[in-house]
Amino acid sequence: MSASSRLKLFRPILAGANLRDRMLACIGALAGIALTGLICAFAATEPQHLLWLVPPMGASAVLLFAVPASPMAQPWPAIGGNTLSALVGVLVAHSLPLSPLSAGIAVGGAIAVMSLLRCLHPPGGAAALVGLFAGASSSYAFPFLPVGANAVVLVASAWVYHRFSGHTYPHVPAPPAKPATELPWTFSKSDLAAALERTGETFDIDVNDLERLLREIEQRALARSYRDLACADIMHPGVVAGRVTMPVDEVRALLVQHDVRRLPILDEDGRIVGAIGLRELAASGALLAEAMTPATTAAPDTPAISLLDRFALDRVHAVFIVDAARRPVGVVTEADWLAVLRRGLA
């Protein structure tokens, strides 16, 4: 095996993981487990109570500090999953003799309870076995003290720690960005739900996080597809324009005659100083210079993909392409972009 192949064995296997985050997770787990153990030591009245730092907390620490965005690492799954699973184990221990069957019942029952109460937490399976092995001699308080207490301290440690780690905890998924424009291949939330149902698999990621990630991929793929297309490639040359000194009636006639929604207004040197449409003309009886609004412009070499947000979010109907002196050399409309997209689908 080559040196590069051996190094690949040490790369993080989680999507989005990096060495910095893994090192921070080590420090966080060290601090969280140490603090949990320290509090247990202070609470202990007898030396054997130091064992109140139950083993499942080690597995919980991996999730809370290394994968804080996981749905299974959030406070309720961490606390509820460990506590309720330990309770299931104790109940089985009080009902059945210790055996491989009772171990399976304890873990299976813990999974069922965690699933129904929306607190699925993998270390809960270990907590169920801890409760089972504590045996019928253990108190029903065991799932709460020490297991529940351990989980609460560990979650509190993670909450404090992630204030400084650069990650949010508890994790609140950012709302997915709406697509800049509804393209034929743009997926909807119902498409995402149908795809997840069809796969028949469970993924350790919040649905909103998954949608946000897919939206970002969608936009990057679209940008890559049209990265070489500039405004000069899709614009209409020969722009119909008005002059700032023209009477309002003449500008209105130009709009109607050429059937355009926005007309660029030029100064005496031929530079764009604004734009106007029939709506502005209808709302104002003032001079043209007072009725016009700022024109949306772009350079000829501007990537054409960047105009999508202007059409979809800024609600502009035409982007005027100007040279270095702000003289119009062409115009790109929504119809021009639709024609480009249609060619791409043909």
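The values are calculated or read from the model by the stated rules, or taken from the named source; none is laboratory data. The structure presented is a predicted model; accordingly, all values stated were derived computationally and were not measured. Glycine gets a Cβ as well: all are built from the backbone with ideal geometry, and neighbour counts include every protein chain shown.
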Exercise. Being touching a strand residue (DSSP E or B) at 6+ places or on another chain (Cβ under 7 Å), more than 20 Å from His258 (Cα to Cα) and buried (at least 20 other Cβ atoms within 10 Å of the Cβ) is the filter here, so list the residues in segment 292-321 that pass it.
Key: Ala298, Ala304, Leu307
Self-check item: Leu263, sole failed condition from (1) free of Cβ contacts under 8 Å to residues at least 24 places away in the same chain; (2) outside the structural domain of Asp336 (by TED's automatic domain parsing); (3) not polar (S, T, N, Q)
Solution: (2)
Quiz item: Taking segment 94-112, which residues are surrounded by fewer than 19 Cβ atoms within 10 Å (Cβ to Cβ) and in contact (Cβ under 8 Å) with a residue 24 or more places away in the chain?
Solution: His94, Leu98, Ser102, Ala103
Quiz prompt | Looking only at segment 158-184, and only at residues there that are surrounded by 12 or more Cβ atoms within 10 Å (Cβ to Cβ) and modelled with pLDDT under 80, the one that is nearest to Ala29 (Cα to Cα) | solution = Pro173
Quiz prompt | helices (runs of 4 or more DSSP H) contained in segment 1-89 and holding at least 3 residues in the same structural domain as Ala110 (by TED's automatic domain parsing) and at pLDDT below 80 | solution = 19-43
Exercise. Collect the residues in segment 124-161 that are assigned to a helix (DSSP H, G or I) and among the hydroxyl-bearing types (Ser, Thr, Tyr), keeping them in residue-number order.
Key: Ser157, Tyr161
Practice problem: Could you identify the single residue in Val130, Val155 that is over 29 Å from Asn18 (Cβ atoms), surrounded by 18 or more Cβ atoms within 10 Å (Cβ to Cβ), in contact (Cβ under 8 Å) with a residue 12 or more places away in the chain and hydrophobic (A, V, I, L, M, F, W, C)? | Solution: Val130
